[in-house]
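Heads up, the thing below is written out as structure tokens.
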Amino acid sequence: MATSQVASTNPAADPSLWLERHGDYLYRYALFRLRDGSAAEDAVQETLLAALQAYRDFAGRGSERTWLTGILKHKIVDHFRRASRQKPASQLGEESFEHPELFRDEGQWVEHWRPERAPVDWKADPARLCEQTEFWEVFRECLSPLPERVASAFLLREVDGLDSAEICEVFQITTNNLWVMLHRARAHLRRCLELNWFRPGLLKR
Amino acid sequence: MAKGLYDKAIHAVRYFLLRRLPTCKQMAPVMSESLERRLTLRERAALKLHLWVCVWCVWYLENLRTMREALRARGAREEGAADVDSAVKLSDEARERIRRALAR
């Protein structure tokens, strides 16, 4: 009786349909954050397997997709935790992402922006950007040269809104480390998006 | 006449500030950190003055905020289970592999 009630109030809760109904969505979610196709596929598989085991806890409460996404989130963070334990980060060359070439290196205005490379007004609407597939393609490419750890910490912070303490725990870093990493990620992405999305005409400079 | 003098004075003050304040390169990490924590009184004052005289840094900070908002908007949409980037799909091979793993 209880079982059939669950089934009738929430006909969506059917494990055999999860892959078909939510597979692509979960894959996209994981791919954006992990930036690696096979890691994203693994995360989807782990999520569905874990969901299968925890199925009774779910018992049709709330949205199936939200529930699955919640599990996937944990799997993604687990992946980052494993990765940062396996290979300790090297700091070599990370300063280059701060783009020192954008600042004057001598004279009266040393360390101020070079006028021809200074930031410009993007005149952008974030909500509209969010809907443009091409923007996310450029974004993905801009993110790719960053060290894995830097890009991952940045995404956890900005997309998922995790707080510093959680992110520091995942990557085993200090808050100061995190701030430096976020600064580098932002400085690099800002410059890259400016050149490749907001004013492609100035690429040659 | 008075207007001209006033403009000159403002210009001199801005010039003075730009020469004395932390540089743009020094302000960049502070601007990023302003999104992470409450700046100290000293940092807030320096940033405010710097932004008053340097429109490039105004845009820099604005650009950082735009990136944050676009990313948060994406996160919120996905949180609401809406599709973003619907062209990206699981490959047939991966789908089959997962199907087999689930059936085990």
Check: Hey, any hits in segment B:49-61 for a residue that's surrounded by 11 or more Cβ atoms within 10 Å (Cβ to Cβ), away from chain A (no Cβ under 13 Å), over 15 Å from residue A:127 (Cα atoms) and over 15 Å from the mean Cα position of the chain (by Cα)?
Finding: yes
Notebook entry, point to check: Under 7 Å by Cβ, and 6 or more places apart or on different chains, what pairs join a residue from segment B:13-25 that is at the interface with chain A (Cβ under 7 Å from one of its Cβ atoms) with one that is part of a helix (DSSP H, G or I)?
Noted result: B:24/B:56; B:24/B:57
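Under 30 Å from residue A:47 (Cβ atoms) and surrounded by fewer than 17 Cβ atoms within 10 Å (Cβ to Cβ), is that true of residue B:87?
On the way: under 30 Å from residue A:47 (Cβ atoms): yes; surrounded by fewer than 17 Cβ atoms within 10 Å (Cβ to Cβ): yes.
Answer is yes for this residue.
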Notebook entry, point to check: Looking at segment A:44-58, is at least one residue at pLDDT below 95, of a type in the set (Phe, Trp, Tyr) and over 30 Å from residue B:53 (Cα atoms)?
Noted result: yes
Notebook entry, point to check: Only one of (1) among the β-branched types (Val, Ile, Thr); (2) within 7 Å of chain B (Cβ to nearest Cβ); (3) in contact (Cβ under 8 Å) with a residue 12 or more places away in the chain fails for residue A:66. Which number is that?
Noted result: (3)
Notebook entry, point to check: Among the residues of segment A:157-177, how many are more than 12 Å from residue A:84 (Cβ to Cβ) and of a type in the set (A, V, I, L, M)?
Noted result: 3
Check: Is there a residue being part of a helix (DSSP H, G or I) and under 11 Å from the mean Cα position of the chain (by Cα) anywhere in segment A:194-205?
Finding: no
Checklist line | Per-region count, segment A:85-130, residues assigned to a helix (DSSP H, G or I) and of a type in the set (Asp, Glu) | finding: 5
Margin query: Considering only residues that are at the interface with chain B (Cβ under 9 Å from one of its Cβ atoms), closer than 19 Å to residue B:55 by Cβ and surrounded by 14 or more Cβ atoms within 10 Å (Cβ to Cβ), which ones fall in segment A:105-130?
Written below: A:109, A:111, A:112, A:113, A:118, A:119, A:120, A:122, A:124
Item checked: Within segment A:131-190, helices (runs of 4 or more DSSP H) holding 3 or more residues that are surrounded by fewer than 21 Cβ atoms within 10 Å (Cβ to Cβ), free of Cβ contacts under 8 Å to residues at least 24 places away in the same chain and more than 8 Å from every other protein chain (Cβ to nearest Cβ) -> A:164-171
Next item on the list: Name every residue in segment A:86-130 that is modelled with pLDDT of 90 or more, touching a helix residue (DSSP H, G or I) at 6+ places or on another chain (Cβ under 9 Å) and among the acidic types (Asp, Glu), in order of residue number.
Entry: A:98, A:101, A:111, A:116, A:121, A:125
Note to self: Show the residue pairs meeting these rules: Cβ distance below 7 Å; 6+ apart or different chains; first residue within segment B:88-104 and more than 18 Å from residue A:15 (Cα to Cα); second residue of a type in the set (Lys, Arg).
What the structure shows: B:88/A:28
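Kindly establish whether residue A:48 is in contact with a Ser or Thr (Cβ under 6 Å, 6 or more places away or on another chain), surrounded by 19 or more Cβ atoms within 10 Å (Cβ to Cβ) and assigned to a helix (DSSP H, G or I). Break it down stepwise before answering.
Details: in contact with a Ser or Thr (Cβ under 6 Å, 6 or more places away or on another chain): no; surrounded by 19 or more Cβ atoms within 10 Å (Cβ to Cβ): yes; assigned to a helix (DSSP H, G or I): yes.
Spelling it out, it is not the case that residue A:48 is in contact with a Ser or Thr (Cβ under 6 Å, 6 or more places away or on another chain), surrounded by 19 or more Cβ atoms within 10 Å (Cβ to Cβ) and assigned to a helix (DSSP H, G or I).
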Next item on the list: Look at segment A:70-84 and say how many of its residues are closer than 15 Å to residue A:148 by Cβ and either touching a Lys or Arg at 6+ places or on another chain (Cβ under 7 Å) or β-branched (Val, Ile, Thr) (or both).
Entry: 3
Note to self: Looking only at segment B:1-39, count every residue that is surrounded by 11 or more Cβ atoms within 10 Å (Cβ to Cβ) and among the small types (Gly, Ala, Ser) and tell me the total.
What the structure shows: 3
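The values are calculated or read from the model by the stated rules, or taken from the named source; none is laboratory data. Remember, it's a predicted structure, so these values are computed and weren't measured experimentally. A quick note on method: Cβ atoms are made from the backbone with ideal geometry, for glycine too, and the neighbour counts reach across all protein chains shown.
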